[in-house]
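Novice: Sharing a structure, written as structure tokens. Questions coming.
Any read-out appearing in this document is the output of simple, stated calculations on the displayed coordinates, not a laboratory observation. Only a predicted model underlies this, so the values are computations on that prediction, with no experimental measurement involved. FYI the Cβ positions are ideal-geometry reconstructions off the backbone, even for glycines, and counts take in every protein chain you see.
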Amino acid sequence: MIDADTFRSVLGRFASGVTIVTACDDRGTDHGMTVSAFCSLSLEPPMILFCVDHTASMHEMLLGHPRCGVSILSSNQEAYSRRFADQDNERFDGIAYSRGESGAVLLDDALAHLEVRLIAHHEAGDHTVFIAEVDRAHPRQGRPLLYYRGGYAQLER
């Protein structure tokens, strides 16, 4: 059996983009978290998946709130990634954002936005895999923020 440190080291060599997943609870309070375990799942119908640790602040809320926003971060939004990864409850203070048609928060200047409906979730080890159908998507020009070997990186082309 592979030990956790080796496994983390190996997976750290897979560069990933960085997203902020947002949702609103029953009281109208916005919640958001940094998610790098994110990928496309299907083109027809358009679907994505993302994985959330069972101990994450949004985990339980996502189980009962199907409408979400996803902001794919651009290279100049590292501070947002750090802020939404922190346990601070004031994640949205001073951050420019708009709301999608579903009411989900979408961060300004992100590389892309998706508005999604969670349609399934599956327990997998210490995470839950959330599967979502994409209702709306909007791309922008720019460079992505990448996460690689425990730190942030820039794509050079």
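Novice: Here are 49, 41: which of them is in a strand (DSSP E or B), touching a Cys at 6+ places or on another chain (Cβ under 9 Å), among the hydrophobic types (A, V, I, L, M, F, W, C) and under 25 Å from residue 155 (Cα atoms)?
Specialist: Residue meeting the stated conditions: 49.
Novice: Scanning the range 10-26 for residues that are touching a helix residue (DSSP H, G or I) at 6+ places or on another chain (Cβ under 7 Å) and part of a loop (DSSP other than H, G, I, E, B), which turns out nearest to residue 59 (Cα to Cα)?
Specialist: Checked the range 10-26; the qualifying residue nearest to residue 59 (Cα to Cα) is 25.
Novice: While we're looking at this one, here's another question. Would you call residue 42 out of contact with any helix residue (DSSP H, G or I) (no Cβ under 7 Å at 6 or more places or on another chain), loosely packed, with under 13 Cβ neighbours inside 10 Å and not aromatic (Phe, Trp, Tyr)? So that I can check it myself, show each step before the final result.
Specialist: Working: out of contact with any helix residue (DSSP H, G or I) (no Cβ under 7 Å at 6 or more places or on another chain): yes; loosely packed, with under 13 Cβ neighbours inside 10 Å: yes; not aromatic (Phe, Trp, Tyr): yes.
Taking the combined requirement at face value, the residue satisfies it.
Novice: Sticking with this structure for a sec: Among the residues of the range 93-100, is any in contact (Cβ under 8 Å) with a residue 60 or more places away in the chain and out of contact with any His (no Cβ under 7 Å at 6 or more places or on another chain)?
Specialist: No, every residue in the range 93-100 fails to be in contact (Cβ under 8 Å) with a residue 60 or more places away in the chain and out of contact with any His (no Cβ under 7 Å at 6 or more places or on another chain).
Novice: Keeping to the range 48-92, report how many residues are surrounded by fewer than 16 Cβ atoms within 10 Å (Cβ to Cβ), under 22 Å from residue 136 (Cα atoms) and among the β-branched types (Val, Ile, Thr).
Specialist: Residues flagged as surrounded by fewer than 16 Cβ atoms within 10 Å (Cβ to Cβ), under 22 Å from residue 136 (Cα atoms) and among the β-branched types (Val, Ile, Thr) within the range 48-92 amount to 0.
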